[in-house]
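These notes are about the structure you will find just below.
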Amino acid sequence: MAETSGKPGKAMLAGTSWALLGMMSYEEEVSGYDLKKWIDWSVDLYYWSPSFSQIYTELKKLEGLGLVTSRVERDEGIRSRRLYKITPAGMDAVTAWTNHAPVDAPVLKHGVLLRITFGHLSNPARLKELLQEHVAYAEARHRKAVEDAEGAEAEPAWAYSVLALRWAAKYYAAEREFALELMKEIDEADGILQTAPKGGYGKPRTTPGYWREVERQVKARREAD
């Protein structure tokens, strides 16, 4: 993830650090484990979920910068855990980042669509199987987003988090519909594919360099507009 600065002169921080500071901005003292579980039912649905090692690495960095403090809590036995809390400097930094730092453009990294792109190396049955798996995935994520949004509604401080979770629910509902629609179009695409000439490996081949012609056509249309 790209690194951005929340305020001129501030150390550059990774997206993981800003997310952790954002979670701690509610001023609750939490462990790295707590933060991981918290992210898994919220931010993970519409951004990403860092590993435990990433979380602890960033927490150590944040503490070194004076943006969080930590203490070790020991129970009556031999177990202990380190708890973290945001500092005034950390609150200032994450507030500045939220309001003033450039926002990264969304990045679509869609493994299913990449397989569809190279569908000429597969077959309709396999592609439909992949899409059906994606439908099941989208349905599960949609249910999770809805459940997590409903669970968060009871906490007034999470009012904006609820909006993000509802957005995530709509996104996964749309993903499901897109996948179902694409499944219906696979056979038509395969029929068109069968008319393409074959290359030396027996697979469909394109007209050499034709992508340059497409590029010229697109450029011409843009200039005409």
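The values are calculated or read from the model by the stated rules, or taken from the named source; none is laboratory data. Treat the numbers as computed from the prediction; the structure is a model and nothing was measured. We place every Cβ from the backbone using ideal geometry, glycine too, and count neighbours over all the protein chains shown. The accessibility values were calculated without ligands, DNA or RNA, using every heavy atom of the protein model including side chains. Shrake-Rupley method; radii C 1.70, N 1.55, O 1.52, S 1.80 Å.
Values for this structure:
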| read-out | value |
| --- | --- |
| Rounded, prolate or oblate (a/c below 1.5 giving rounded, otherwise prolate when a/b exceeds b/c) for segment 15-98 by Cα gyration tensor | oblate |
| Nearest 10 degrees, 0 to 90: helix 210-224 Cα axis against the chain principal axis | 70 degrees |
| Residues in segment 140-181 that a label on residue 49 would reach, taking backbone N under 15 Å of a point 7 Å out along Cα→Cβ | 140-149 |
| The chain: most fluctuating residue of 124, 106, 50 per GNM, C-alpha cutoff 10 Å | 106 |
| Net length gained if the chain between residue 98 and residue 28 were fully extended (0.36 nm per residue, minus Cα distance) | 23.3 nm |
| Å² per residue, accessible surface of segment 67-160 at 1.4 Å | 71 Å² |
| Counted charge near residue 26, where neighbours are those whose Cβ lies closer than 14 Å (Asp, Glu -1; Lys, Arg +1) | -4 |
| FRET E, pair residue 163, residue 12, Förster distance 30 Å, beta-carbon r, rounded to 0.05 | 0.55 |
| Neighbourhood charge, 14 Å Cβ-Cβ cut-off, centred on residue 149 and excluding it, Lys, Arg +1 and Asp, Glu -1 | -1 |
| Check: the chain dipole with +1 on Lys, Arg Cβ and -1 on Asp, Glu Cβ, in debye | 920 debye |
